[in-house]
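Q: Take this structure, written in structure tokens, and hold onto it; I'll ask about it next.
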Amino acid sequence: MHAWPASEVPALPGQGRDLRIHDTATGGPITLDPGPVARIYVCGITPYDATHIGHAATYNAFDLVQRVWLDTKRQVHYVQNVTDVDDPLLERAERDGIDWAALAEQETQLFREDMTALRMLPPRQYIGAVEAIPGIVPLVERLRDLGAAYELEGDTYFSVEADPHFGQVSHLDAAAMRLLSAERGGDPDRPGKKNPLDPMLWSAAREGEPSWDGGSLGRGRPGWHIECVAIALDHLGMGFDVQGGGSDLVFPHHEMGASHAQALTGEFPMAKAYVHAGMVALHGEKMSKSKGNLVFVSRLRRDGVDPAAIRLALLAHHYRADWEWTDQVLRDAVTRLGHWRAAVSRPDGPSAEALVDEIREALANDLDAPAALTAVDHWAVAQEQQGGTDMGAPGVVSRAVDALLGVAL
Ligand code: 5CA
Ligand code: ZN
């Protein structure tokens, strides 16, 4: 699939900082040392509805990861998927009486437009589950041949017992895993499974559902976790730097993915850091397509909200925090954007050298975007109250805010 156009990332004076980031698997901060090409896989959308603020907040976090790396003069190899065939997508298409593939294409296109408007840098490879099927089938066959997968009434399941590291991403106990598995696409109550947690790798063709050639697995469609493993291993290989997503992907999705990869390669972990963004809520509940309590990015844009203000609203919250979207959050962001724009529109101002360092330091410290915003606020207040004589400063601030925070002033 094609991704979306990249906005330019201005080069900045001085030295970028190495990223220290919280890793869910080890439970603490780690300093990443990615080498000249940093590798990141971010779980993409399931395109059955428009991009909401929760999605945007999660992609904002990983866009910052990319920007911090680019600032250290590294290249970034960023891969993202689109889960363009899965139960919720098929169910929504059925409910609305539309073709599932057309629904997926339409919502994926809207996502591309939202990401472009928000100045999120695109992945180098943007891969749909459907186009990944030829790579998924041999992995499932290999898991079966290794004894890590088994058949149940034509479906193929992964056996979590095949992985000695199982549990080391989420560190949850069996009861919590079982609950989350039932909530998030698993089928722990299906009779005949070796372990209730075992996830589907390949689902046999069912009446009225799309299916593909699965070689020795028979016709069917891929499971969710193997989709991301196949795409990540194909394009990035084992031991890439970051796997990212919202905290609702810790279990089962990223746990199972790490397990599949361990069983396939004998190596652990698939990603050096498992990084998770907090959940955005609306009216006290997690914003989710299934609940329908959504604020769409495209809706805000249509209502004339400046995408830079939406981005500032996201940046005002630490990526690991759970937070609530309100009208006030957006109003505050619009006000801040106005102040910043006024401050950089003057020809001169207070020196920006220390500010660029502060933004870099804040982001390198587990992506502390709120601290970066506060630093820019202080510069803007100084500009407003005292002004300054540094002729280049407003331009430097404007470029730093663009390059490091993705906000065009
Ligand atoms: N296609 C899979 C990942 S392979 C999927 O989870 N798709 S999704 O459309 O449901 O979510 C896309 C991304 O947005 C995931 O990283 C998910 O964790 C994140 N996300 C979903 N809802 C929220 C929310 N309310 N707040 C923050 N992030 C969210
Ligand atoms: Zn994924």
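The values are calculated or read from the model by the stated rules, or taken from the named source; none is laboratory data. All values reported here derive from a predicted model rather than from experimental measurement. Glycine gets a Cβ as well: all are built from the backbone with ideal geometry, and neighbour counts include every protein chain shown.
Q: Give me a count of the residues in segment 166-225 that are within 16 Å of ligand 1 (Cβ to nearest atom), touching a helix residue (DSSP H, G or I) at 6+ places or on another chain (Cβ under 7 Å), part of a loop (DSSP other than H, G, I, E, B) and closer than 14 Å to E151 by Cα.
A: 1
The rows are residues; the columns are (1) touching a Ser or Thr at 6+ places or on another chain (Cβ under 6 Å); (2) assigned to a helix (DSSP H, G or I).
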position	(1), (2)
H317	no, no
A371	no, yes
A382	no, yes
G388	no, no
G395	no, yes
L409	yes, no
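Q: Shifting gears a bit: Counting just the residues of segment 230-248 that are crowded, with 24+ Cβ neighbours inside 10 Å and outside any strand (DSSP E or B), which one comes out farthest from ligand 2 (Cβ to nearest atom)?
A: In this case the residue turns out to be A230.
Q: Right, next: Within segment 196-249, how many residues turn out to be farther than 23 Å from A101 by Cβ and out of contact with any strand residue (DSSP E or B) (no Cβ under 6 Å at 6 or more places or on another chain)?
A: The qualifying residues number 11.
Per-residue answers, yes or no, for (1) surrounded by 24 or more Cβ atoms within 10 Å (Cβ to Cβ); (2) hydroxyl-bearing (S, T, Y); (3) closer than 25 Å to P134 by Cα:
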| site | (1), (2), (3) |
| --- | --- |
| V169 | yes, no, no |
| L179 | no, no, no |
| N195 | no, no, no |
| P199 | yes, no, yes |
| A204 | no, no, yes |
| E207 | no, no, yes |
| D213 | no, no, yes |
| R219 | no, no, yes |
| E227 | yes, no, yes |
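Q: For the structure I just gave you, tell me whether R346 is under 30 Å from the mean Cα position of the chain (by Cα), over 22 Å from D63 (Cβ atoms) and loosely packed, with under 15 Cβ neighbours inside 10 Å.
A: Taking the combined requirement at face value, the residue does not satisfy it.
Q: With R95, R124 as the choices, which residue is in contact with a His (Cβ under 6 Å, 6 or more places away or on another chain) and away from ligand 1 (no atom under 12 Å from the Cβ)?
A: Among R95, R124, only R124 is in contact with a His (Cβ under 6 Å, 6 or more places away or on another chain) and away from ligand 1 (no atom under 12 Å from the Cβ).
Q: Here is a further query. Inside segment 138-165, can you point out the residues that are at pLDDT 95 or above and charged (D, E, K, R)?
A: Within segment 138-165, E141, R142, R144, D145, E151, E153, D155, E161 meet the criteria.
Q: Of everything in segment 263-316, what is buried (at least 19 other Cβ atoms within 10 Å of the Cβ), away from ligand 2 (no atom under 16 Å from the Cβ), aliphatic (A, V, I, L, M) and closer than 19 Å to G406 by Cβ? Give them in sequence order.
A: V280, V297, L300, A308, A309, I310, L312, A313, L314, L315
Q: Does segment 391-403 contain any residue that is within 21 Å of N60 (Cα to Cα), surrounded by fewer than 15 Cβ atoms within 10 Å (Cβ to Cβ) and either of a type in the set (K, R) or modelled with pLDDT of 95 or more (or both)?
A: no
Q: Considering only segment 23-117, give the helices (runs of 4 or more DSSP H) lying wholly within it that have at least 2 residues that are touching a residue at least 60 places away in the same chain (Cβ under 8 Å), among the aliphatic types (A, V, I, L, M) and more than 16 Å from ligand 2 (Cβ to nearest atom).
A: Helices (runs of 4 or more DSSP H) meeting the threshold: 53-71, 100-117.
Q: Being crowded, with 23+ Cβ neighbours inside 10 Å, closer than 30 Å to A408 by Cα and in contact (Cβ under 8 Å) with a residue 24 or more places away in the chain, is that true of even one residue in segment 135-152?
A: No, there is no match, as no residue in segment 135-152 is crowded, with 23+ Cβ neighbours inside 10 Å, closer than 30 Å to A408 by Cα and in contact (Cβ under 8 Å) with a residue 24 or more places away in the chain.
The rows are residues; the columns are (1) among the acidic types (D, E); (2) in contact with a Leu (Cβ under 6 Å, 6 or more places away or on another chain).
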{"position": "E267", "(1), (2)": "yes, no"}
{"position": "H283", "(1), (2)": "no, no"}
{"position": "F296", "(1), (2)": "no, no"}
{"position": "L300", "(1), (2)": "no, no"}
{"position": "A309", "(1), (2)": "no, yes"}
{"position": "L314", "(1), (2)": "no, no"}
{"position": "V329", "(1), (2)": "no, no"}
{"position": "V334", "(1), (2)": "no, no"}
